[in-house]
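The values are calculated or read from the model by the stated rules, or taken from the named source; none is laboratory data. The shown structure was predicted, so the numbers you read here are calculated from the model rather than taken from an experiment. Heads up, the Cβs are rebuilt from the backbone with ideal geometry, glycines too, and the neighbour counts pull from every protein chain shown. Please note that ligands, DNA and RNA were not included when accessible areas were found on the heavy atoms of the full protein model with its side chains. Shrake-Rupley method; radii C 1.70, N 1.55, O 1.52, S 1.80 Å.
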Amino acid sequence: MIEMKNVSKWYGSFQVLNDCSTSISKGEVVVVCGPSGSGKSTLIKTINALEPIQKGEIWVNGTAIHDPKTDLPKLRSTVGMVFQHFELFPHLSVTENLTIAQIKVLGRSADDAKARGLKMLDRVGLMAHKDKFPGQLSGGQQQRVAIARALSMDPSVMLFDEPTSALDPEMVGEVLDVMIGLAHEGMTMMCVTHEMGFAKKVASRVIFMDVGGKILEDCSKEDFFGNPDARQPRTKDFLGKIL
Ligand code: ADP
Ligand code: MG
């Protein structure tokens, strides 16, 4: 479903991704972790072309992201993205947040968009809040709305960039529970997160990135957590600090 081949990217003369290759099959949940500044956010953003690459190839569902002729808005509508800071529209109600992209990007009618949006809102357990504004919700609730908004677009892949790291600790669980539910339903997911409990529960694979934008590990969760001696010293060191 996603294939990255020898992807490199620079910001000016600074190399942020260094020859990264990986692939994700349908239904896989891939957790990406690694130290701050190692290029995790950049890597995930290249998949829906929020960040252009200078070298290599990225394919999503058979579409070449790196090809300038690709219709990016259409592609992005099939790749859901959830960020650390929920990025809801503060001046729009929850329902309007859920429907605006369905109407503008997918061309759905207002009624269809509302029906789909509210179904997703129900699934994240927030139907009672449909007429509120983002500022009236807790951080955990806002992030669940952001997930519902992404799901309303019927994505074939969901990308998450540290979706719980801006939340108060008591709200982390409610967001992870929604993500775990998605994983169990077979959603293809790539998640940048340091929630290793989540990784142990649902990850198919774990990618570890090191400073300099290199993928240092790309292995099953069993190998990642269960066989530290087979891991690179940098990975062992990192795991020792966060577990
Ligand atoms: P991570 O998500 O792993 O913390 P990022 O992908 O955000 O890492 O950033 C990787 C590196 O690229 C960092 O050193 C960061 O400072 C740098 N960087 C990120 N965005 C930009 C940008 N727009 N311009 C220049 N440098 C950037
Ligand atoms: Mg980041």
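With the biggest extent put first, the Cα atoms of the chain measure 53, 44, 32 Å across the principal axes. Taking Cβ atoms as reference points and 10 Å as the exclusive limit, the residues near R231 contribute a net charge of -2, counting Lys and Arg as +1 and Asp and Glu as -1. A cut-off of 5 Å between modelled amide H atoms, ignoring neighbours fewer than 5 places along the same chain, links S8 with D19, C20, Q54, K55, G56. Out of all Cα-Cα pairs in region 1-136, roughly what percent, to the nearest whole number, are more than 19 Å apart? Roughly 60 percent, rounded to a whole number. Taking amide H as placed 1.01 Å from N in the peptide plane, V82 has its amide H under 5 Å from the amide H of L159, F160, D161, each at least 5 places away in sequence or on another chain. Kirkwood radius and radius of gyration were both taken over the C-alpha atoms of region 1-64, and their ratio Rg/Rh is 0.95. Restricting attention to the chain, close to 55% of DSSP beta bridges with both partner residues there are antiparallel.
Regarding region 183-243, what's the average projected area of the Cα-atom convex hull, expressed in nm²?
Averaged projected hull area, Cα only: 4.2 nm².
Of the whole protein surface, R76 contributes about 80 Å² of accessible area at a 1.4 Å probe radius. Computed on protein heavy atoms with a 1.4 Å probe, the accessible areas place E185, E51 in the order E185, E51, largest first. Structure note, pairs K74/K119; K9/K236; K40/K241; K55/K104; K26/K214; K9/K74: Cα-Cα distances above 28 angstrom occur for K55/K104.
Rolling a 1.4 Å probe over the protein chains gives E222 an accessible area of about 110 Å². Of the solvent-accessible surface of the chain, computed with a 1.4 Å probe and all protein chains present, 51% belongs to carbon and sulfur.
The HN-Hα couplings worked out from phi for region 14-25 by the Karplus form 6.51 cos²θ - 1.76 cosθ + 1.60 (θ = phi - 60°) are 8, 7, 9, 10, 10, 6, 8, 10, 6, 8, 10, 8 Hz, whole numbers, x standing for Gly and Pro. The residues of the chain expose, per residue, 45 Å² of accessible area to a 1.4 Å probe. For region 116-243, the Stokes-Einstein estimate of translational diffusion at 10 °C and a viscosity of 1.306 mPa s comes to 99 µm²/s, using the Kirkwood hydrodynamic radius over alpha-carbon pairs.
Rounded, prolate or oblate: which fits region 68-109 when a ≥ b ≥ c are the square roots of the eigenvalues of the alpha-carbon gyration tensor, with rounded for a/c under 1.5 and prolate only if a/b beats b/c?
Numbers: a/c = 2.84, a/b = 1.41, b/c = 2.01.
Note, shape of region 68-109 comes out oblate.
For the chain, the relative contact order is 27 percent, taking Cα pairs closer than 8 Å that sit 6 or more residues apart in sequence and dividing their mean separation by the residue count.
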